[in-house]
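Structure, as structure tokens:
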Amino acid sequence: MGDIIINGTCDARFAAVRDAFTENFANGLELGAGLSISIDGTNVVDLWGGWLDEAKTRPWERDSLACIFSCTKGVIAVVALVLADRGELDLDAPVAQYWPEFAQNGKADIPVRWLLTHQAGVSAIEQKMPFGSLSDWTLMTDALAAQRPMWTPGEGHGYHGVTYGHLVGEVIRRVTGMSCGAAMRALVCEPLGLDIWMPLPEADDARTADMVLGQPAPTVTFFDHWGPDDLGPKSFRNPPDCSFVPYTNTRPFRAAEIPAANGHGTARSLDRLYATLACGGTLDGVRLLSPERVEEGGREWVRGIDLVMALPTAFGLGFERTIPEWPFGPNPNTYGHNGSGGSLGIVDPDTGISLGYVMNRMIWGPTRDDPRWQPIFDALYGQ
């Protein structure tokens with residue numbers, strides 16, 4: 001590991017975590033990455049290393065940003081929980097109470113809660129959407145308002161991988177009068193001092209990593225178990241924006257608000273968000289949520305074969321829950337969200353552990369597990 005330079009700090013008790021993080025670089029699994037871990041709100045690991053670009057001309061620095069893809073969903077879930085905690089959003093009220101146009105095509109009675117638990121059945125848009133549609137807020141929300149459910153709402157769950165952000169985000173916009181990104185900044189990021197952005201200001205492009213699909217490109221990914229008529233491809237490939245990795249490095253993508261997929265942030269900030277949940281909703285004197293709302297958000301609401309993924313999943317209110325088939329460490333109550341290609345933000349309420357991990361070498365393999373996670377979990381939990 002001689003020529004691998006890892007920067008940052010690491011409590012001596014977690015030297016094995018630093019070794020595991022470094023080993024991922026040595027094994028060729030990383031280009032650039034950051035890892036941050038806290039225990040009961042106190043940071044014990046804050047590491048980074050590598051490069052922001054494939055040509056290795058820009059080193060990964062302490063404040064480097066990366067696209068966190070679906071980790072953004074967890075941040076947006078917290079925004080919705082803050083509004084619920086303030087009494088401004090009733091999770092059991094119909095979505096149409098806040099967004100009347102959503103009542104079209106049999107969706108009048110779908111409660112807000114089902115958007116967060118992926119039970120609404122609006123995982124796909126049947127209208128063919130052109131490339132770039134994810135960046136057009138009105139185009140997306142109009143299409144979702146008109147869309148019929150793909151299954152009977154409330155009868156089963158299916159990951160709303162592309163549509164979740166605009167569904168929950170439009171409710172947030174209607175309640176607050178702010179865009180989803182502005183609400184995220186005002187209600188969550190600014191109070192906690194989080195370096196997470198949506199949209200990403202142009203001035204921050206210079207400190208932002210280029211996302212790169214891992215090499216060699218996998219011949220089989222976990223998406224390949226889908227048939228052409230399954231809900232998976234219908235849900236993930238229309239619009240096609242987020243499945244084309246080079247597009248994620250462009251200014252139009254970074255300048256958009258895509259709350260399912262285009263937050264940009266640091267590992268430290270993801271960790272701090274989940275450290276707040278580990279501490280019952282209050283961190284460093286900032287009260288974001290009540291303990292009761294934190295427990296409600298992280299609780300398991302649905303579990304079983306996912307109608308979109310065609311694999312087992314479990315969800316809280318906007319959060320992915322650990323399950324044996326897709327573990328976020330060894331403990332049974334850990335929750336948070338992963339992002340396409342490997343990023344991760346989680347909290348283990350049983351131990352007070354929170355973790356944020358971001359990277360720019362995206363790995364799409366035959367399973368949903370990322371090969372870089374398990375060595376870090378093993379080192380963290382002493383296995």
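Quick notes on this structure:
- Selected residue (only one of Gly32, Gly28, Gly41 is of a type outside the set (A, V, I, L, M, F, W, C), under 18 Å from Pro371 (Cβ atoms) and at pLDDT 95 or above): Gly32
- Ala209 being surrounded by 17 or more Cβ atoms within 10 Å (Cβ to Cβ) and in contact (Cβ under 8 Å) with a residue 40 or more places away in the chain: yes
- Selection of first residues in the stretch 282-310 that are farther than 18 Å from Ile76 by Cα and of second residues that are of a type in the set (Phe, Trp, Tyr) and in a loop (DSSP other than H, G, I, E, B), restricted to Cβ pairs under 7 Å at least 6 apart or on distinct chains, gives the following pairs, ordered by first then second residue: Asp306/Tyr159; Leu307/Trp151; Val308/Tyr159; Met309/Tyr159; Ala310/Trp226.
- Given (1) free of Cβ contacts under 8 Å to residues at least 24 places away in the same chain; (2) in a loop (DSSP other than H, G, I, E, B); (3) among the acidic types (Asp, Glu), index of the condition Glu126 fails: (1)
- Verdict on Ser343 being surrounded by 24 or more Cβ atoms within 10 Å (Cβ to Cβ), in contact with a helix residue (DSSP H, G or I) (Cβ under 9 Å, 6 or more places away or on another chain) and under 26 Å from Asp224 (Cβ atoms): yes
Let's see how each residue does on (1) in a helix (DSSP H, G or I); (2) crowded, with 18+ Cβ neighbours inside 10 Å; (3) modelled with pLDDT of 80 or more:
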residue	(1), (2), (3)
Leu194	no, yes, yes
Leu200	no, yes, yes
Ala203	yes, no, yes
Phe223	yes, no, no
Asp229	no, no, yes
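- Flag for Ala15 being in contact with a helix residue (DSSP H, G or I) (Cβ under 9 Å, 6 or more places away or on another chain) and touching a residue at least 60 places away in the same chain (Cβ under 8 Å): no
- Subset of the stretch 237-250 [over 18 Å from Val212 (Cβ atoms) and without any contact (Cβ under 8 Å) to a residue 60 or more places away in the chain]: Arg237
- Residue that is farthest from Met362 (Cα to Cα) [pool: residues in the stretch 44-58 that are of a type in the set (D, E, K, R) and surrounded by fewer than 21 Cβ atoms within 10 Å (Cβ to Cβ)]: Arg58
- The strands (runs of 3 or more DSSP E) found wholly in the stretch 332-383 and carrying at least 1 residues that are among the aromatic types (Phe, Trp, Tyr) and closer than 15 Å to Gly32 by Cα occupy 353-359.
For (1) of a type in the set (S, T, N, Q); (2) assigned to a helix (DSSP H, G or I); (3) under 14 Å from Leu344 (Cβ atoms); (4) over 14 Å from the mean Cα position of the chain (by Cα), each residue gets a yes or a no:
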residue	(1), (2), (3), (4)
Phe253	no, yes, no, yes
Ala256	no, no, no, yes
Ala261	no, no, no, no
His264	no, no, no, no
Leu270	no, yes, yes, no
Thr276	yes, yes, no, yes
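- Of all residues making up the stretch 18-41, the number that are among the polar types (S, T, N, Q) and in contact (Cβ under 8 Å) with a residue 40 or more places away in the chain: 3
The values are calculated or read from the model by the stated rules, or taken from the named source; none is laboratory data. Predicted, not measured: the structure shown is a model, and the values here were computed from it. Reconstructed Cβ throughout: ideal geometry from the backbone, glycine too, with neighbour counts over all protein chains shown.
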